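**Student:** Structure below; questions to follow.
Coordinate-derived values only; no laboratory data. None of these values were measured; they are calculated from a predicted model. Cβ sites come from the backbone with ideal geometry, for glycine too, and all protein chains shown count toward neighbours.
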Amino acid sequence: MVAVAALLCAAPMALSSRLPNVVGNLGSLCQTVLPWSGLGVVLLLCCAAVRRSVLAAVAVLLPALVWTVLFGPALVDKRSGGGDFTVVSHNVNEQNADPGRTARALAASGADVLAVEELASRAQETFRHELAAAYPYSRVLGGVGVWSKYPLEEVEPVEIMPWTRALRATVRTPKGPVALYAAHLASVRVQPATGFATARRNEAAARLAEVVRAERLARIVVLGDFNGSVDDSALRGLTGSLRSAQREAGDGFGFTWPASFPLVRIDQILVSGITPRAAWTLPATGSDHLPVAASLRL
């Protein structure tokens, strides 16, 4: 029984990129939480030890090997120096009880550019006041805002939903322009009737992907709350042409939600034409998400 369970554990991991979304978008849900499949491997190893079965132990090596191939690289610290452009993205939570504290925490990061999502209208003036000294250039469109140490040009909304949840800006860095997209994709829900409800998020991601593909600048940063993992095949239209800073230059999985006990990484920093040198999460700020940061080489 342990050996059969081991095979059943290994198969979804090995075929994770091809899991279908036929029923309740279970493929997307499994891909989002896939790193936690390692707990099943640990449980099976314990069962094999209790049974003292050589067959069971050998069988459990299969899912252990698959998990290691898939996620072992994420456990290696790939951070290094040499970055010359630092960005931070944070869903600051519309219900944030102390937006001033959150703004000061973001300013303390020293990033060159801050992107915030789910910024309540009542908190916008607080953010402007707290960030004005360190970030002379800023723009807020809807619930998405960007604060920068470098000039911002061509700031405009990106129509991914009926209301503004994304923007594009050209950041005039000392090493040339960078196209920066800050986005908050539609929320997802797990419901008994519909399963993992992702249709609106997927539509928003597809619209954002179309705009990013048409970007004229060579250096692109796309960041924000995607409400999904880069492993989610439903987001491949957006993530497929970009590289994850966390995956390329991070340490660990970089889980961001919920902030009290992070289980998944749904806040992303993706790049094209830029080299990530380090990626990390910042401490909790009072939001239900953790901020994400990346040091990039232009």
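**Student:** Please work out how much length the chain gains when fully extended from Arg189 to Trp163, using 0.36 nm per residue of separation minus the C-alpha to C-alpha distance, in nm with one decimal. Write down the numbers at each step before the final one.
**Tutor:** Numbers: separation 26, 0.36 × 26 = 9.36 nm, distance 1.95 nm.
Gain in length upon complete extension: 7.4 nm.
**Student:** How big is the charge dipole of the stretch 116-191 about its Cα centre, in debye rounded to the nearest 20, if each Lys and Arg gets +1 on its Cβ and each Asp and Glu gets -1 on its Cβ?
**Tutor:** On the way: 9 positive and 8 negative charges, 29 e Å.
The dipole magnitude comes to about 140 debye.
**Student:** Which of Lys149, Lys175 comes first, and how do the rest follow, when ranked by fewest Cβ neighbours within 10 Å?
**Tutor:** The most exposed by this proxy come first: Lys175, Lys149.
**Student:** Go ahead and set up a Gaussian network model of the chain, Cα springs under 10 Å, then flag whichever of Ala183, Ala115, Ala193 fluctuates most.
**Tutor:** Of Ala183, Ala115, Ala193, the most mobile in the Gaussian network model is Ala193.
**Student:** Sticking with this structure for a sec: R0 = 41 Å: FRET efficiency of Glu156 with Thr68, Cβ-based, nearest 0.05? Please report the intermediate quantities before stating the final value.
**Tutor:** Values: r = 45 Å, r/R0 = 1.09.
Rounded to the nearest 0.05, the efficiency is 0.40.
**Student:** What full-extension length gain, to one decimal in nm, is calculated for Cys46 and Ala199 as 0.36 nm per residue of separation minus the Cα-Cα distance? Each step should come with its number before you reach the end.
**Tutor:** Numbers: separation 153, 0.36 × 153 = 55.08 nm, distance 3.90 nm.
Roughly 51.2 nm would be gained on extension.
**Student:** Give the distance, in whole Å, between the Cα centre of the stretch 33-56 and the Cα centre of the stretch 133-211.
**Tutor:** Comparing the Cα centres of the stretch 33-56 and the stretch 133-211, I get a distance of 41 Å.
**Student:** Which one of Pro192, Gly38, Ala64 has its Cα pushed farthest toward the positive end of the charge dipole of the chain, where Lys and Arg give +1 and Asp and Glu give -1 at the Cβ?
**Tutor:** Ala64
**Student:** Scan the stretch 132-224 for chymotrypsin sites (Phe, Trp or Tyr not before Pro) in coil per DSSP, keeping those whose Cβ has at most 14 other Cβ atoms within 10 Å, and list them by number.
**Tutor:** Filter output for the stretch 132-224: Trp163.
**Student:** Enumerate by residue number the trypsin sites (Lys or Arg not before Pro) in the stretch 195-298 meeting two conditions: DSSP loop (anything except H, G, I, E, B), and at most 13 other Cβ atoms within 10 Å of the site's Cβ.
**Tutor:** Taking the stretch 195-298 and a limit of 13 other Cβ atoms within 10 Å, the loop trypsin sites (Lys or Arg not before Pro) found are Arg216.
**Student:** For the stretch 85-297, give the share of DSSP beta bridges that are antiparallel, in percent and rounded to the nearest 5; count only bridges with both residues there.
**Tutor:** 80 percent
**Student:** Separate question: Before anything else, pin down the relative contact order of the chain: Cα pairs under 8 Å, at least 6 apart, normalised by residue count, whole percent.
**Tutor:** 21 percent
**Student:** Moving to a separate point now. Between His289 and residues 5 or more places away or on another chain, which pairs have amide H atoms under 5 Å apart, with H built 1.01 Å from N, and which residues are they?
**Tutor:** Ala259
**Student:** Further, regarding this structure: Return the sequence-ordered ³J(HN,Hα) values of the stretch 199-211 in whole Hz as given by the Karplus equation 6.51 cos²θ - 1.76 cosθ + 1.60 applied to θ = phi - 60°, using x for Gly and Pro.
**Tutor:** 4, 5, 5, 4, 5, 5, 5, 5, 5, 5, 4, 5, 5
**Student:** Now for a separate question. Along the charge dipole of the chain, Cβ charges K/R +1 and D/E -1, which of Ala10, Thr86, Ala249 sits furthest on the positive end?
**Tutor:** It is Ala10, whose Cα lies furthest towards the positive end.
**Student:** Give me the dipole magnitude in Debye, nearest 20, for the chain about the Cα centre, with unit charges on the beta carbon: positive for Lys and Arg, negative for Asp and Glu.
**Tutor:** With Lys and Arg at +1 and Asp and Glu at -1, about 560 debye.
**Student:** Work out the length of the dipole vector of the stretch 176-233 about its Cα centre, built from +1 on the beta-carbon of each Lys and Arg and -1 on the beta-carbon of each Asp and Glu, and round it to the nearest 20 debye. Each step should come with its number before you reach the end.
**Tutor:** On the way: 7 positive and 6 negative charges, 29 e Å.
Dipole magnitude for the stretch 176-233 comes out near 140 debye.
**Student:** Of the trypsin sites (Lys or Arg not before Pro) in the stretch 38-98, which ones lie in a loop per DSSP and count no more than 12 other C-beta atoms within 10 Å?
**Tutor:** The qualifying sites are Arg52.
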